[in-house]
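The values are calculated or read from the model by the stated rules, or taken from the named source; none is laboratory data. Remember, it's a predicted structure, so these values are computed and weren't measured experimentally. In this analysis, Cβ positions are derived from the backbone assuming ideal geometry, glycine residues included, and neighbour counts consider all displayed protein chains.
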Amino acid sequence: MHNKKFIDNLFPPKYDFYEMLVDQARLTNEGINAILEWLSDNDNHDKYSNVIKLSEEADILRIDMEKKLIQSFITPFDRQDIYTISKSIDKILDYSKSTVESMVDYNVECDNIILSMIEALNKGTSELAEALSMLKENPLNAEDFVHPMREKEISMEQLYRKGMVIQFNHSDTLEALKRREVYLHIKDAGKCFGDTVDVFHKIVVRLV
């Protein structure tokens, strides 16, 4: 740790990757919030467009970070971890956006499973943004968020299974297939969230 601080003072990082990751996580959480707003009024085209816009903005942030990562001689922690966690965060919103697009394409109305899974993801990404904001100055306290975040991933997996049980007993096979497709997109977003938490925890372990 002391050697790392000496090197950081000798060759200070060109970019603040901590802050860039926080910005990316906050924008992702904003995107999940936008999905919740759309779910409450899914005939509102402006709310739908806002989800798409935020997803595009998140992609721009990720691409910009990747360029700066290539340009940087020194990074505050392992550059592969920076790349991996940024990519995982980006996929959370990508799959969440796919959920919205699938609901529109397949004409699927929101149900309690969809709403509960997105709410869990919303809380989880909010915790992720807060945890990342503490990573630079206090990684040990940031670690306190790991268990609550993992609980959100587990709850999404449980909700997915509950939803599939309901669909397997549905008399309308076509409707069940369409809902299964939507559930899968949210489940994939939850899986990416879980992957993000794993990388985050690895970063914390290396920093403390």
- Task: Can you tell me which residue within region 143-196, out of those that are among the β-branched types (Val, Ile, Thr) and touching a residue at least 60 places away in the same chain (Cβ under 8 Å), is farthest from Ala25 (Cα to Cα)?
- Result: Val182
- Task: Output the qualifying pairs, or none if there are none: Cβ atoms under 6 angstrom, residues six or more apart or on different chains, first residue in region 1-26 and among the basic types (Lys, Arg), second residue in a helix (DSSP H, G or I) and at pLDDT 50 or above.
- Result: Arg26/Ala129
- Scan region 40-57 for residues that are of a type in the set (Gly, Ala, Ser) and part of a helix (DSSP H, G or I) and jot them down. Ser49, Ser55
- Item | Residues within region 166-208 that are farther than 27 Å from His147 by Cβ and of a type outside the set (Phe, Trp, Tyr), tallied | 16
- Item | From the options Ala131, Ala120, residue that is modelled with pLDDT of 95 or more and in contact with a Ser or Thr (Cβ under 8 Å, 6 or more places away or on another chain) | Ala120
- Query: Do we have Val104 as surrounded by fewer than 18 Cβ atoms within 10 Å (Cβ to Cβ) and either over 21 Å from Val204 (Cβ atoms) or of a type in the set (Val, Ile, Thr) (or both) here?
  - Reply: yes
- Note on the structure: Within region 63-121, the residues that are in a helix (DSSP H, G or I), touching a residue at least 60 places away in the same chain (Cβ under 8 Å) and aromatic (Phe, Trp, Tyr) are Tyr95
- Note on the structure: Reported set for region 155-208 where residues are surrounded by 22 or more Cβ atoms within 10 Å (Cβ to Cβ), more than 20 Å from Ser126 (Cβ to Cβ) and aliphatic (A, V, I, L, M) is Val182
- Go through region 108-147 and count every residue that is closer than 13 Å to Ile35 by Cβ, hydrophobic (A, V, I, L, M, F, W, C) and under 17 Å from the mean Cα position of the chain (by Cα). 6
